[in-house]
1. Among the candidates Ser99, Ser127, which residue alone is of a type in the set (S, T, N, Q), under 27 Å from the mean Cα position of the chain (by Cα) and farther than 30 Å from Leu16 by Cα?
2. Can you name the number of the only condition in (1) modelled with pLDDT of 95 or more; (2) acidic (Asp, Glu); (3) within 30 Å of Leu16 (Cα to Cα) that Glu57 fails?
3. Here is a list: Ser125, Ser62. Which entry is out of contact with any Leu (no Cβ under 7 Å at 6 or more places or on another chain), surrounded by 10 or more Cβ atoms within 10 Å (Cβ to Cβ), under 30 Å from Ala13 (Cα atoms) and without any contact (Cβ under 8 Å) to a residue 60 or more places away in the chain?
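The values are calculated or read from the model by the stated rules, or taken from the named source; none is laboratory data. Here the structure is a predicted model, which is why all the values come from computation and not from measurement. All Cβ positions, glycine included, derive from the backbone under ideal geometry; neighbour counts span all protein chains shown.
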Amino acid sequence: MRVQTGTVKHFDANRLEGEVRDAVQQSHPHVQALDFRPRTLAPRVPDYVTHRDDVSEIGKLSAEAIVKEYEETAKEIETMGDVVREMVQRTEQLTASASAMLADIKATAARYRKEGKRMFTEIESCSSATDEVRRLCESFRDKLAAKEAEPPK
């Protein structure tokens, strides 16, 4: 492991651009370097952040890169929210459909009870009528048997 000693220079983007310009002019004379122009247009950042005046260019670029990553992630989270919203809508539709089905089930059960009551009443009426017919038949048979047992007049 090698330890460096000495003074560490702070990174300066302007110095780096100057060094690149000098290197391009020296090694490739046919390439013409552009005039040095400091950045005038700040890259677009979300509206909810603004640069402070006392921050270096590197600090600003780093902060921009980070906030852009967070913004992209926030947009992905919102996209997930859209998926959840669609799920809620489908769930509401299923709930409405299930509620309608429950109403149909209750109505069907009520119709079956009504029909069961009708059948109950019908069977008891038939049973009562059958008993009445049987009693009349027995009474009539008894009357006929009594007449046959009587001496002729």
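1. Details: Ser127 fails: under 27 Å from the mean Cα position of the chain (by Cα).
Within the list Ser99, Ser127, the selection yields Ser99.
2. (1)
3. Working: Ser125 fails: under 30 Å from Ala13 (Cα atoms).
The match here is Ser62.
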